[in-house]
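Below: one structure, written as structure tokens.
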Amino acid sequence: MTTEVVEIDWVPIIELAGKVAREVAVRWRVVGADDVKQEILLHMMEEKHLIAKYQGDEELLRKISWTAGKRYAAKERAHYDLMDDQYYYTPDEARLALRSFLYTDEELGDLLGKEDDLLRCRVTDNLVSARIDATDALNRLSKDYKEVAMRVFVYGLPPRDEAERRKSYRAVDALALQMNRAIRTRKKVENDG
């Protein structure tokens, strides 16, 4: 039995890695595009047996690149957060903060320290802070993002179609980004003032 050796055309893979690396670096400011590209290409080399098999499938290669880049960015952000002692909201925390809008401030206060079936979590001071930050950040989102986030995550209405489902998740990503910007701005003001 002979195994066929398939040559890999690295030129389009390197170009794709560069494009994805720039996208990752824009989303996660703690990493540089060059470092992300290196990590993506390292991952591609480690998985070259799969890359050789699927080198014609640009969509799959993009997903592999995106996953490798995102994994690296997450690792770097976690390290940065540890060293910076700065808290960041994740999209999941932003979604949870939106879901908490179902309650009035008094109702949420009564739930502090208790498990809530509707929110599927224990209500803590962190949720109250996230809710305050989400309220402020929601006003900085585009009208479309604000409407879809409210419709899907606050009112609990199902997305009208797949496009709206994707848009709702992009809206929550944008919300988390705005919430994190607010934290950074407050910290900078505290340090400067």
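Coordinate-derived values only; no laboratory data. All values derive from a computational prediction rather than experimental measurement. So basically every Cβ, Gly included, is an ideal-geometry build from the backbone, and we count neighbours across all protein chains shown.
Computed from the C-beta positions of residue 104 and residue 71 and an R0 of 30 Å, the FRET efficiency is 0.15 to the nearest 0.05. Put in line by how crowded their Cβ is, counting other Cβ atoms within 10 Å and starting with the fewest, 150, 179, 44 read 150, 44, 179.
So for the stretch 10-84, what are the equivalent ellipsoid semi-axes in whole Å, largest first, each being the square root of 5 times an eigenvalue of the Cα gyration tensor? Before the final figure, lay out each step's value.
Details: eigenvalues 112, 26, 16 Å².
Here the semi-axes work out to 24, 11, 9 Å.
Applying the Karplus relation 6.51 cos²θ - 1.76 cosθ + 1.60 with θ = phi - 60° to the stretch 18-33 yields 3J(HN,Hα) values of x, 5, 5, 4, 5, 4, 5, 5, 5, 6, 10, 5, 7, 10, x, 4 Hz, where x marks Gly and Pro.
Remark: the stretch 92-106, residue by residue, has Karplus-estimated 3J(HN,Hα) of 4, 5, 5, 4, 4, 4, 4, 4, 5, 5, 5, 9, 6, 4, 5 Hz, where x stands for each Gly or Pro and the curve is 6.51 cos²θ - 1.76 cosθ + 1.60 at θ = phi - 60°.
I need to check one value: relative contact order of the stretch 10-84, counting alpha carbon pairs closer than 8 Å and at least 6 residues apart, in percent. Value for the stretch 10-84: 39 percent. Find the lysine pairs in the stretch 10-84 meeting two conditions, Cα atoms under 16 Å apart and a separation of 8 or more places or different chains, and report how many there are. Eligible lysine pairs with Cα atoms under 16 Å apart amount to 9. For the stretch 39-50, backbone phi angles converted through the Karplus equation (6.51, -1.76, 1.60; θ = phi - 60°) give residue-by-residue couplings of 5, 5, 5, 4, 4, 4, 5, 5, 10, 4, 5, 6 Hz, Gly and Pro being listed as x. Averaged over residues, the count of other Cβ atoms within 10 Å places the peptides 94-102, 51-59 in the sequence 94-102, 51-59, highest first.
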